[in-house]
Amino acid sequence: MEVIKIALKLITPPAIEPVTLDEVKLHLRLSSGSMAGTLTTVQSIVPGAQVVAADYGLVGAGVDVLGYRVLVNLNSGTNGAGGKVDAKIQEANEDVDAKYVDWNGGVFEQVTEANDNAVQEIEYTGIKRYIRVVATVTGANCDFGADVTREQSYNTEDTLLTSLTTTARKYCAGFQNRAYITQTWSLWLDNWPSGNSVRIPLPPLQKINSVKYYGTDDAEHTMSATDYFTDDKSEPGRLVLAYGKSWPSASLRPANGVCIEFDAGYGDAAADVPAEVKQAMLLLIGHWYENREATVTGIISREIEFAVRSLLWMDRVVPI
């Protein structure tokens, strides 16, 4: 009997959209607001006399920077005699201490008595949602702080544009039967396949996280990762039995007996998504922005639909 796909469930949605709010506004030729409306500054390390702290033990607060252009400032006051400050930027998708890692390119020049009372600036160009500044203070107490300046073009319709962007991405991904930015899904099956592989929807497939199955008593079991390998070259990708291996022989419950959790998408950054997808999204966003009510199909609507689908057909995957 062939495997029957019961359901696809989204576990972790993409952290960002393939096109940013600024790119949408540029496409729509929308002007930005005042400087006061577009700039905000958030403290990571509160300015003051910072005591000696080893091994980047002075940890600043996390700042949400998703959707902004970001400038990180290290504002140095006076160092104590022999005092030195080493500071760097860390990033994470979640504002949790264990999730933060050093951002490549985020190390400030060491501050000594010779170069204190100055400001250092680093533009953050990473893709994570949160950043923070951590510091090591040696030799003596030192006066300094670190803040994050965020710039975002302001428009009273930002909420609408953000919603249209998400909707356009879902439309394009649904038409292509693909995933764009990295996301995690679970594929539920009634039973094991008659062959030695399972096709995984929503390419590109990045990796298979787990294969679980449920017996007639509903007990959960996990298939060993050494019993299968991931074919991420095919589209759609596949879970394939390893040489000499077979599917577990235990009887499965009547429905949803197998769950395959996997990560899919071109990558974590918008730059990983093909240009034709982004262009199709912008065309849709522009059309929906100008036509906010249901419209009668006409020449313009047909042209938009033709243009969007022409772009998306180039890399469309036939549903499995």
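A short reminder: the numbers here are calculations on the coordinates, not readings from a lab. Quick caveat: nothing in here was measured; it's all calculated off a predicted structure. Cβ: placed from backbone, ideal geometry, glycine included. Neighbour counts: every protein chain shown.
The alpha-carbon of K245 sits under 12 angstrom from the alpha-carbons of these aspartates and glutamates, leaving out residues fewer than 8 places away in its chain: D227.
Using the Cβ-Cβ distance between T38 and A219 with R0 = 56 Å, the FRET efficiency computed as 1/(1 + (r/R0)^6) comes to roughly 0.50.
Working from Cα pairs under 8 Å separated by at least six residues, relative contact order for the chain is 23 percent.
Computing FRET efficiency as 1/(1 + (r/R0)^6) for K233 and R292, where r is the C-beta to C-beta distance and R0 is 35 Å, gives about 0.20. The aspartates and glutamates within cross-link reach of K88, meaning a Cα-to-Cα straight distance under 13 Å and a gap of 8 or more places when in the same chain, are D55, D102, E109, E121, E123, D147. Among 128-140, 72-84, 205-217, the peptide with the highest mean count of other Cβ atoms within 10 Å heads the list, and the full ranking is 128-140, 72-84, 205-217. In this label model, S197 and T12 are separated by 2.6 nm, measuring between points 7 Å along each Cα→Cβ vector.
Sorted ascending by nearby beta carbons within 10 Å, beginning with the fewest, F144, F229, F108 become F229, F108, F144.
Per-residue extension of 0.36 nm, minus the Cα-Cα distance of A54 and N117, leaves a gain of 20.5 nm for this segment. Each of E276, E17 was scored by other Cβ atoms within 10 Å of its Cβ. Listed from fewest to most, they are E276, E17. For a Förster distance of 56 Å, can you work out the FRET efficiency between the beta-carbons of D22 and T78, rounded to the nearest 0.05? Once rounded, the FRET efficiency stands at 0.90. By the beta-carbon count within 10 Å of each Cβ, the least crowded to most crowded order of C172, C259, fewest first, is C259, C172. Return the label of the correct value of Rg/Rh (Cα atoms, Kirkwood Rh), as calculated from the structure shown, out of (1) 1.09; (2) 1.06; (3) 1.00. It is the value labelled (1). Projecting the Cα positions of W288, N93, N75 onto the charge dipole of the chain (unit charges on Cβ atoms of Lys, Arg, Asp and Glu, taken about the Cα centre) puts W288 furthest along the positive direction.
What dipole magnitude, in Debye to the nearest 20, does the chain give about its Cα centre under +1 on Lys/Arg Cβ and -1 on Asp/Glu Cβ? Computed charge dipole of the chain: roughly 1020 debye.
Placing dummy labels 7 Å off each Cα toward the beta-carbon, the span from S251 to A269 is 5.3 nm. The value of relative contact order for region 34-151, using C-alpha pairs under 8 Å at least six residues apart, is 50 percent.
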